[in-house]
1. Could you please let me know if TYR100 is within 21 Å of ILE17 (Cβ to Cβ), hydroxyl-bearing (Ser, Thr, Tyr), in the same structural domain as ILE28 (by TED's automatic domain parsing) and surrounded by 11 or more Cβ atoms within 10 Å (Cβ to Cβ)?
2. For the list (1) free of Cβ contacts under 8 Å to residues at least 60 places away in the same chain; (2) outside any strand (DSSP E or B); (3) over 21 Å from SER143 (Cβ atoms), I need the number of the one condition that TYR76 fails.
3. crowded, with 16+ Cβ neighbours inside 10 Å, hydrophobic (A, V, I, L, M, F, W, C) and assigned by TED's automatic domain parsing to the domain that holds ILE110: does that describe VAL22?
4. Within the set of pairs 6 or more residues apart or between chains, which connect a residue that is among the small types (Gly, Ala, Ser) inside the range 33-51 to a residue that is part of a loop (DSSP other than H, G, I, E, B) with Cβ atoms less than 6 Å apart?
5. Return yes when CYS55 is crowded, with 21+ Cβ neighbours inside 10 Å, modelled with pLDDT of 90 or more, within 11 Å of the chain's Cα centre (by Cα) and outside the structural domain of SER143 (by TED's automatic domain parsing) and no when it is not.
6. Hey, among CYS55, CYS44, which residue is part of a loop (DSSP other than H, G, I, E, B) and more than 24 Å from ASN140 (Cβ to Cβ)?
Amino acid sequence: MTQVGFLGCGKIGKTMIRHLKVRADHPIAFVQTPNFKGDINLDCPVVSTFDEDVCKADLVVECATPDVLKQQYQYYLRRSDMLILSLTAFSDDDFANKAYALCEKHGTNIFLAHGAILGLDGIFDARDILNNVTIETVKNPKSLGRSDTDRTVFFNGSTREACQLMPPKCQCSRCHRYGWPWL
C-alpha cells in the first residue's frame, strides 16, 4: 500500500487528493501547504512547513510551483520518490543535477508528469490545420501576487511574452510569513 504525501494543495492537489480518498489502496500520509483552507476533509496531518516527523510517504506529489519545488525537494528525495508537476524547475541545470544526484545517492526516483506537454504536442501535431490558438488559464489572484476581487484579464499576448513574465512573485505578508513568497 503506497502512502502518498502532497507538497502543495491548490486546485490540482485538491483534485488529486479527492481522487485518492476514494481509493483505499493509496492512503494520504500528509499535506504540506502554507495556506490550507480546510475546504476538503482530510484524515492526515496538514503542515505549513516541512516536518521530518510528519512528512513521511512512499511517494510525494509536488503540485506547488517550481520555486517551492526547488526549496523543498531535498527534504523529500532523501526518503521518498517524487511525482513532479512543476517541470519548468528542470530548466535550471543546477537544480536538475542536484535532484538527480540525491536520487542516485538515496535510491529514490523522480517521476515527471507531462500533462501540459501533451497538450502542446497536440497543438504542434495539428499546426498545419490551425490558424490560431487561444489558451485561457483561470487563477486565484493571490497566486499571481494580486488582490483583485473581480474577474479580470491579467495578461493578453503571445506565449513567449507570458513565459518571460511568469511566475510573478507575491509580496503579501501572508506568504512571506511562511517563507513562501511564490503563492
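The values are calculated or read from the model by the stated rules, or taken from the named source; none is laboratory data. Keep in mind that this is a model prediction, so the values were computed, not measured. As a convention, Cβ positions derive from the backbone with ideal geometry for all residues, glycine included, and neighbour counts pool all protein chains shown.
1. Answer is no for this residue.
2. Status for TYR76: all satisfied but (1).
3. Working: crowded, with 16+ Cβ neighbours inside 10 Å: no; hydrophobic (A, V, I, L, M, F, W, C): yes; assigned by TED's automatic domain parsing to the domain that holds ILE110: yes.
No.
4. If the second residue must be part of a loop (DSSP other than H, G, I, E, B), the pairs left are SER48/PRO34; SER48/TYR178.
5. Working: crowded, with 21+ Cβ neighbours inside 10 Å: yes; modelled with pLDDT of 90 or more: yes; within 11 Å of the chain's Cα centre (by Cα): no; outside the structural domain of SER143 (by TED's automatic domain parsing): yes.
For CYS55, the condition - crowded, with 21+ Cβ neighbours inside 10 Å, modelled with pLDDT of 90 or more, within 11 Å of the chain's Cα centre (by Cα) and outside the structural domain of SER143 (by TED's automatic domain parsing) - is not met.
6. Working: CYS44 fails: more than 24 Å from ASN140 (Cβ to Cβ).
From the options CYS55, CYS44, the qualifying one is CYS55.
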